[in-house]
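What follows is one structure encoded as structure tokens, with my remarks underneath.
The values are calculated or read from the model by the stated rules, or taken from the named source; none is laboratory data. Quantities reported herein were computed from a predicted structural model and do not represent experimental measurements. Cβ atoms come from the backbone with ideal geometry, glycine included; neighbour counts cover every protein chain shown.
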Amino acid sequence: MTQLPRPACPKCQTDMMMLTRICFAVSGFEFRTFECAACECVHKTLVALVDPMKSDQGRAGLQGELRAPT
């Protein structure tokens with residue numbers, strides 16, 4: 001499982017932001033809500049979704065050990 005990048009808190013600048021909610025937005029995007037564990041600041045961001053079958057990491061995984069039966 002990949003780890004989501006966590007932003008620094010815009011209020012106190014710590015790196016203690018925790019992902020608290022993911023909501024779908026318009027097609028291809030989602031809202032991510034982060035809350036700071038130190039000062040309880042709430043930060044919302046809009047993120048573009050990436051199709052794993054079209055990303056470099058997804059294609060690399062498909063070229064792993066899976067082979068056609070012989």
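Scan region 26-50 for residues that are in a loop (DSSP other than H, G, I, E, B) and charged (D, E, K, R) and jot them down.
Of everything in region 26-50, just one residue is in a loop (DSSP other than H, G, I, E, B) and charged (D, E, K, R), namely Glu40.
Given (1) in a helix (DSSP H, G or I); (2) modelled with pLDDT of 90 or more; (3) not small (Gly, Ala, Ser), identify the lone condition not met by Gln57.
Only one criterion in (1) in a helix (DSSP H, G or I); (2) modelled with pLDDT of 90 or more; (3) not small (Gly, Ala, Ser) is unmet by Gln57, namely (2).
Quick check on my filter: what residues within region 32-46 are surrounded by 14 or more Cβ atoms within 10 Å (Cβ to Cβ) and within 12 Å of the chain's Cα centre (by Cα)?
Arg32, Thr33, Phe34
Among what's in region 1-17 and is of a type outside the set (Ser, Thr, Tyr) and under 12 Å from the mean Cα position of the chain (by Cα), pick the residue that is modelled with the highest pLDDT.
It comes out as Pro7.
Which residues, counting only those in region 1-25, are of a type in the set (A, V, I, L, M, F, W, C), in contact with a strand residue (DSSP E or B) (Cβ under 9 Å, 6 or more places away or on another chain) and in a loop (DSSP other than H, G, I, E, B)?
Leu4, Ala8, Cys9, Cys12, Met16, Ala25
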